[in-house]
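Take a look at the structure set out below.
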Amino acid sequence: MIIFIGLIILGTFLINFAGTGMTGFMNSTSTVLITSYLSKPNVLSEINESFSGMKKELQSEVDNVKENYPGYDEYILNNTEYIGHNVHELLSYITSRCGEVKNVSEVSSILDELFKSMYDLEYKEEIEIRYRTVTETYTDEDGNEYTESHEESYEYKKLIVTLHKREMDSIIREVFANYPDNLKHYEALFLAQGNMGEAFGNSDLIASNGGIEGGKEYEASTEVQKKIVNAAYITPSPGAGWCAMWVSQVYQNAGLGYIGGNACDMYRNYTFTSDKSKLKVGMLVAVESSSSGSTAGLTYGHVGIYIGDGKVIDNIGRIRVTTLDDWIATFCKHHPVGFGFPPNVNK
């Protein structure tokens with residue numbers, strides 16, 4: 001069902017027209033209303049949880065490939081580290097498309113459609129003919145023992161699992177291609193994070209810090225650097241193992257675009273020094289292979305963001321702040337730390 005909503009300046013009056021499928025907002029709407037999520041916080045949480053549930057099912061499928069498809073000599077997983085979403089992209093889309101949602105069931109089909117548009121898990125079997133040396137020993141009729149070797153061919157079976165992911169933002173823009181007012185509303189909501197950044201952020205961390213701002217280096221930094229730190233405090237964890245996904249979402253929420261890639265990619269592409277004297281607020285703090293955590297950390301590395309005064313904020317399944325020295329001591333036992341800004345940051 002498409003709903004057109006006209007907002008009249010004299011009373012922010014809502015008029016619903018059934019039988020359409022998008023929500024159009026007139027430019028006379030107040031800034032607060034047009035940049036705020038219209039649904040109740042518990043409904044917004046349920047919408048995000050519903051979408052996250054689909055994400056967890058996909059992750060479970062990836063994690064259990066060997067159990068579900070036994071009999072292969074090798075399992076190759078490509079791009080599976082990119083599972084995850086930005087909660088404010090999702091809620092901005094639902095609000096700008098549907099207006100106020102009173103129950104998650106109203107948008108379940110839209111969420112399902114969006115998820116299927118984002119992810120496609122491809123399975124491909126590859127059989128390689130390999131050769132091995134086979135040694136046989138036999139004894140002749142006179143009791144003499146002989147050993148013979150020959151090459152024998154055999155099948156080496158690989159299962160290649162590739163995740164194809166489209167970014168949510170690009171899908172949303174396609175949906176709204178013929179609805180410019182909805183697109184503008186989506187962009188306004190996302191920029192303001194529905195005026196609920198802290199509600200979907202890391203409230204316990206913010207409370208323990210006494211707020212988002214603080215610190216001598218933070219106060220002395222540029223507005224862009226401050227935006228990065230502010231975004232880090234209010235960007236929720238996409239889950240354990242998704243340190244780079246979280247960092248990408250932080251920079252996106254700071255208005256600097258989505259970086260993408262894993263921590264190892266960020267280390268190689270954007271860091272340029274291990275010299276602490278060159279470290280600035282808002283920089284990536286990355287290592288290409290982590291000395292702590294899971295085998296994924298060993299393969300893909302770990303990454304966080306420097307927030308000033310010798311502190312790093314990162315995602316370890318929850319968002320936490322630790323000292324730079326402890327971060328390096330924990331994750332950089334075998335490989336050096338790297339510091340640097342991603343693209344679009346005005347240094």
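Numbers at a glance
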| read-out | value |
| --- | --- |
| All positions within the range 221-230 that are among the polar types (S, T, N, Q) and either under 13 Å from residue 313 (Cβ atoms) or part of a helix (DSSP H, G or I) (or both) | 225, 230 |
| When residues of the range 128-151 are limited to those that are surrounded by 10 or more Cβ atoms within 10 Å (Cβ to Cβ) and under 30 Å from residue 163 (Cβ atoms), the one farthest from the chain's Cα centre (by Cα) | 130 |
| Matching option when the condition is closer than 30 Å to residue 95 by Cα, touching a residue at least 40 places away in the same chain (Cβ under 8 Å) and not aliphatic (A, V, I, L, M), among 179, 156 | 179 |
| Pairs, first touching a residue at least 40 places away in the same chain (Cβ under 8 Å) in the range 141-152, second acidic (Asp, Glu) and in a strand (DSSP E or B), C-beta under 7 Å, six or more apart | none |
| Residue 166 being farther than 26 Å from residue 41 by Cα, in contact (Cβ under 8 Å) with a residue 40 or more places away in the chain and either exposed (fewer than 14 other Cβ atoms within 10 Å of the Cβ) or touching a strand residue (DSSP E or B) at 6+ places or on another chain (Cβ under 8 Å) (or both) | yes |
| Of residues in the range 232-267 being among the aromatic types (Phe, Trp, Tyr) and buried (at least 21 other Cβ atoms within 10 Å of the Cβ), the one modelled with the lowest pLDDT | 242 |
| Boolean, residue 190 is of a type in the set (Phe, Trp, Tyr), at pLDDT 95 or above and surrounded by 18 or more Cβ atoms within 10 Å (Cβ to Cβ) | no |
| Among (1) among the aliphatic types (A, V, I, L, M); (2) at pLDDT below 85; (3) more than 19 Å from the chain's Cα centre (by Cα), the one test that residue 83 misses | (3) |
| Single residue of 103, 68 found to be surrounded by fewer than 20 Cβ atoms within 10 Å (Cβ to Cβ), modelled with pLDDT of 95 or more and closer than 22 Å to residue 197 by Cα | 103 |
| Any chance residue 226 is surrounded by 15 or more Cβ atoms within 10 Å (Cβ to Cβ) and closer than 18 Å to residue 304 by Cα | yes |
| Residue in the range 40-49 that is assigned to a helix (DSSP H, G or I), at pLDDT below 95, of a type in the set (Ser, Thr, Tyr) and exposed (fewer than 12 other Cβ atoms within 10 Å of the Cβ) present | no |
| Count of the range 83-111 residues which are out of contact with any Phe, Trp or Tyr (no Cβ under 9 Å at 6 or more places or on another chain) and in a helix (DSSP H, G or I) | 7 |
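The values are calculated or read from the model by the stated rules, or taken from the named source; none is laboratory data. Everything numeric here is computed off the predicted structure, so don't read it as measured data. Every residue, glycine as well, gets a Cβ built from its backbone with ideal geometry; the counts of neighbours run over all protein chains shown.
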